[in-house]
Amino acid sequence: MSKTICKVLLLGNVGKDPDVRSTPSGSVVANFSIATTNRYKDGKNNWQEKTVWANCSAFGKLAEVVRDYIHKGSKVYVEGRLDQDTWQDKQTGQNRTRDKVVVSEIVLLDAKEMRDGQEPRGFLDEDPFS
């Protein structure tokens, strides 16, 4: 089988405060969404904008970083891989799917950090505090 790549890069703003939970085993999971806006010219040569929302999930130490530093409106750069959740709708019984990005790296790009002359904070899932 040949090698494949599934990598997602996003630069955008967090839409609402992250939803952070702990699993029964004690692992931390953070779910949040990022808005990205694409600009393009329509058939009449007018600029248009389209906002696309990406659902993101972070796990472990990276989820703790999301919990502690990211909030609604935060500007972030995210790297990760595309994944898909599947479940059965309790009301209709239909199978449902939702795409999400499993985060492997996140960089905080808030304007306050930039004004203070600090470097943007980057965190990897393996060791977010190095």
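The values are calculated or read from the model by the stated rules, or taken from the named source; none is laboratory data. As the structure is a prediction and not an experimental result, all values here were calculated from the model. Cβ placement follows ideal geometry from the backbone for every residue including glycine, while neighbour counts extend to all protein chains displayed.
Scan the stretch 86-103 for residues that are part of a strand (DSSP E or B) and either among the acidic types (Asp, Glu) or touching a residue at least 40 places away in the same chain (Cβ under 8 Å) (or both) and report the count.
Kept after step one, since they are part of a strand (DSSP E or B), are these residues of the stretch 86-103: 86-88, 95-103.
After this cut, where a residue has to be either among the acidic types (Asp, Glu) or touching a residue at least 40 places away in the same chain (Cβ under 8 Å) (or both) as well, the list is 98-103.
Residues meeting the conditions: 6.
Does the stretch 42-62 contain any residue that is in a helix (DSSP H, G or I), within 16 Å of the chain's Cα centre (by Cα), of a type in the set (A, V, I, L, M, F, W, C) and at pLDDT 90 or above? Even if it seems obvious, please write down each step before you answer.
Narrowing the stretch 42-62 to residues in a helix (DSSP H, G or I): 60-62.
With within 16 Å of the chain's Cα centre (by Cα) added as a condition, the list becomes 60-62.
Adding the requirement that they be of a type in the set (A, V, I, L, M, F, W, C) leaves 62.
Still in the running and at pLDDT 90 or above: 62.
Within the stretch 42-62 (the criterion being in a helix (DSSP H, G or I), within 16 Å of the chain's Cα centre (by Cα), of a type in the set (A, V, I, L, M, F, W, C) and at pLDDT 90 or above), the answer is yes, since at least one residue qualifies.
Would you point out which residue out of ILE70, ILE106 is buried (at least 17 other Cβ atoms within 10 Å of the Cβ), under 21 Å from CYS6 (Cβ atoms) and among the β-branched types (Val, Ile, Thr)?
The conditions single out ILE106.
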Task: Count of the stretch 64-74 residues which are over 14 Å from SER33 (Cβ atoms) and touching a residue at least 12 places away in the same chain (Cβ under 8 Å) - done: 4
Task: In the stretch 12-41, the residues that are exposed (fewer than 10 other Cβ atoms within 10 Å of the Cβ) and not in a loop (DSSP other than H, G, I, E, B) - done: ASN38, ARG39, TYR40, LYS41
Task: Criterion violated by LEU9 - all others in (1) assigned to a strand (DSSP E or B); (2) of a type outside the set (Val, Ile, Thr); (3) more than 15 Å from the chain's Cα centre (by Cα) satisfied - done: (3)
